[in-house]
Amino acid sequence: MPVPVAVTEALQAHLEAFPARSQTLGDTTDGSRRERKLRLIFTTDSGEPVQRSPWARTWRRIVKEASTMEAMPDGITLHTQHGESVKVVQKRLGHSSAAVTLDTYSHLWPDSDSTTRLAVEQGLGAILQGTPQLDSTRSD
């Protein structure tokens with residue numbers, strides 16, 4: 001997985017200060033529940049997994065502080081993606097299939113109505129006006 005050097009260095013420093021903790025958790029990523037032994041990098045003070053709500057509050061505070069320093073755009077989320085394909089996101093998150101990724105995160109991919117409308121307009125619109133457009137991306 002491509003990870004920036006700054007992230008690996010920060011993670012290394014974190015692990016030196018707070019070693020990973022072993023934990024057995026229920027895993028349902030493939031649709032069935034099974035127990036899975038994990039080493040957690042981030043935990044609560046008592047060694048439990050970090051839950052979503054407390055982490056979301058922490059993340060919002062981090063983003064707010066970083067945006068005041070112009071280090072990060074305001075409103076960015078952990079799920080902000082930059083045009084990665086479903087397959088890449090699936091692999092990075094360790095999902096068993098692209099369907100799991102889409103079932104969970106499809107709302108994060110951009111809506112394609114405008115690009116679809118433009119494609120139809122370029123093709124059908126030109127035909128209706130009597131001047132068919134050639135697709136410059138084809139290599140026939």
Interatomic Cα distance distribution for the range 1-107, bins of 10 angstrom, percent: 11, 30, 45, 13, 0
Order of exposure, largest accessible area first, which applies to Asp45, Asp113 with probe 1.4 Å: Asp45, Asp113
Cα-based reach from Lys87 at 14 Å (exclusive), listing aspartates and glutamates while leaving out same-chain residues under 8 positions away: Asp103
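The values are calculated or read from the model by the stated rules, or taken from the named source; none is laboratory data. Keep in mind the model is a prediction, meaning the values are calculated, not measured. The area values use the complete protein model at the heavy-atom level, side chains included, leaving out ligands, DNA and RNA. Shrake-Rupley method; radii C 1.70, N 1.55, O 1.52, S 1.80 Å.
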